Amino acid sequence: MSTEPVPKAAGTQAAVPTRKHNPPTAEPGRAAAAEDAAPLAEPPRELPGEQRRSEPWTSLLTAAFRPARSAADRLTAVQDQLAGWLADLSLLNELTARLARTSTLDDALHETLRAGASLVGAQRAFAVLAPQERAGPERTFGLGLGRSDIGELQTVPRTSAACARLLDAAETPPPPASSEPGAQDPADEEPPPAIVHADIPGDTGLDPRHRQVAARLGYAASYAVPLASRTPVPHEGPSAGRYGAAVWLYDEPSRPSSRQRRLLELYLHHAGEHTARHLERSRALEQAAALRAELLPGRLPRVPGVALAVRHRTGPRGGGDWYDVLPLPEGAVGLSVGGVAGGGPEAVAAMGRLRASLRAYAVMEGEDPVAVLSDLELLLRLTERGRSATALFVHLDPGRRRVLMAGAGQCPPIVVGEGRTEAVETRVSAPLGMLACWEPPSAELSLRQGETLLLYSDGLLHRTGQSLDRAFARLHSAADCAPRSVRRDPERLVEHVLRTVLPGALADSADHPEDVVLLAARL
């Protein structure tokens, strides 16, 4: 049986090549094996156009070989892309790990600007934080920029400055929330897009002042993005979540690539949350400091015959320690130092109530310090249940140079003079609110002209990191070793004692949990 030939049209070739039918042989298996073993065709070769059209098998073989090469190319491309992704992920992991180790707002913003500069290839940067509740000045942080440079940038008109435009967008009230199902929450809206100035000298549409400042500071391009948090920032009004903007500056006309923008966007997802937490903590500390400042004397009063000086340091969760100087009748003065156990806003509020109450009791019966603290202890039991406090009240009469004092759990004062440096002998007493039957121990002494009475809180001793005995010996030695000229000036004396007992950053550290109070009164 033979196969019917495929009819041909004039000038055309059959689409499928035909092959003659082979008659069966005596050994069909061997013949089939031989046919399978035979090569299918010769390797493809370049042929003239007419001959190529007459040899259709060449196009089939070329098509058969091409996918093999394309698959290898695609595999190589995928491997290169995966390697790029891994490199990007490693870089982002390293940068976010460095950011997570920052402990203050300044450090977090500096690290955010530094990491962003490395991601987008910029040389300098600055960040602007919107004021709290949109009231007050903006806060600016720079990377590679001095204060004068930042001052120059602040003179750029707001309509032209990229960061100012972003802040304006963040301050724009969102549209009213819709009650329809599926309506987008205004807090979930995307932050305003980035602002790119790729060629500031050549951009004639910019404000002339903007180009003048850019030329003076030596940058030719900028890339600005908003700083935002997915978690709404408290007290930020309608712009919840958006709290500032960051701008990266280029020395030459440039713009970040799409890959650089994507990496920066991924990084800022983490940096925005981290910086927002530091910002809220910083603002909370500022509010607590302002509250403590209002609860403590703004300035020491003028008392005839007495020179006064004070040093007060507060930790991040502190604020329970107080001091007070109160003019009393007949030229006397009342001095008090104390502290409420615990920390936080509750301790600050309790401190304010106790200090105000002590002032009232001191005016009524200041010549009897024991009665003053007894009344304060009763008030604490009735109104501050479960809370304890320490206090020391001193009634100082400059005319008679007589001192009457009573203490409750407070460290004994130190008398510093030309011929002596000694602690006032008092009996050990429990803090206020710690005993059922309580009466504070009292003491009476006479001061010589030119002598100084030092009152202090136990935080001054605790900050040394030593035991109370060793810390007190250190305090006594610091007062005793003060030069004569220092002893005659209470301001110099308290500064000398503070820096000697707490060297380095211990005296001014805002991260130490212990408060410090050091009050000096010199006749």
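Would you confirm, using the coordinates I've provided, whether Ala443 is in contact with a helix residue (DSSP H, G or I) (Cβ under 8 Å, 6 or more places away or on another chain) and either within 21 Å of Trp322 (Cβ to Cβ) or open to solvent by less than 30 Å² (accessible area, probe 1.4 Å) (or both)? Judged against the criteria, Ala443 is not a match.
Selection over region 81-134 of residues that are open to solvent by 60 Å² or more (accessible area, probe 1.4 Å), under 19 Å from Leu145 (Cβ atoms) and either without any contact (Cβ under 8 Å) to a residue 40 or more places away in the chain or within 15 Å of the chain's Cα centre (by Cα) (or both) gives a count of 5. Name every residue in region 343-362 that is in contact with a helix residue (DSSP H, G or I) (Cβ under 8 Å, 6 or more places away or on another chain) and open to solvent by 40 Å² or more (accessible area, probe 1.4 Å), in order of residue number. Answer for region 343-362, where residues must be in contact with a helix residue (DSSP H, G or I) (Cβ under 8 Å, 6 or more places away or on another chain) and open to solvent by 40 Å² or more (accessible area, probe 1.4 Å): Pro345, Arg353, Tyr361. Screening Gly407 against (1) within 22 Å of His476 (Cβ to Cβ); (2) open to solvent by 60 Å² or more (accessible area, probe 1.4 Å) leaves a single unmet condition, (2). Of all positions in region 354-370, at least one carries a residue that is in contact with a Pro (Cβ under 7 Å, 6 or more places away or on another chain), part of a helix (DSSP H, G or I) and not basic (Lys, Arg).
Have a look at Ala473, Ala482 and point out the one that is open to solvent by less than 60 Å² (accessible area, probe 1.4 Å) and either in contact with a His (Cβ under 7 Å, 6 or more places away or on another chain) or basic (Lys, Arg) (or both). On inspection, the qualifying residue turns out to be Ala482. Among the candidates Arg299, Arg261, Arg283, which residue alone is more than 30 Å from Tyr223 (Cα to Cα) and out of contact with any strand residue (DSSP E or B) (no Cβ under 6 Å at 6 or more places or on another chain)? When all the criteria are applied, what remains is Arg299. The set of residues from region 381-399 being modelled with pLDDT of 90 or more and either assigned to a helix (DSSP H, G or I) or open to solvent by 40 Å² or more (accessible area, probe 1.4 Å) (or both) is empty. Applying the criterion of being in a strand (DSSP E or B) and under 20 Å from Ser442 (Cβ atoms) to the residues of region 327-338, the residue that is farthest from the chain's Cα centre (by Cα) is Val333.
Across region 459-491, the number of residues qualifying as without any contact (Cβ under 8 Å) to a residue 24 or more places away in the chain and of a type outside the set (Asp, Glu) comes to 12. Within region 254-278, restricting attention to residues that are of a type in the set (Gly, Ala, Ser) and crowded, with 22+ Cβ neighbours inside 10 Å, the residue that is nearest to the chain's Cα centre (by Cα) is Ala276. Residues that are in a loop (DSSP other than H, G, I, E, B), at pLDDT 85 or above and either within 45 Å of the chain's Cα centre (by Cα) or under 19 Å from Ser336 (Cβ atoms) (or both) occur in region 444-453; there is at least one. Could you please find all residues in region 473-492 being assigned to a helix (DSSP H, G or I) and more than 36 Å from the chain's Cα centre (by Cα)? Listed by number, the residues that qualify are Ala473, His476, Ser477, Ala478, Ala479, Asp480, Arg484, Ser485, Val486, Arg487, Pro490.
Can you report the number of residues in region 258-307 which are small (Gly, Ala, Ser) and assigned to a loop (DSSP other than H, G, I, E, B)? Looking only at that region, the number is 2.
The values are calculated or read from the model by the stated rules, or taken from the named source; none is laboratory data. As the structure is a computational prediction, the values presented were derived from the model and not from experiment. Because the Cβ atoms are built from the backbone with ideal geometry, glycine has one as well, and the counts that use them run over all protein chains shown. Protein only, heavy atoms only, side chains kept; ligands, DNA and RNA dropped before computing areas. Shrake-Rupley method; radii C 1.70, N 1.55, O 1.52, S 1.80 Å.
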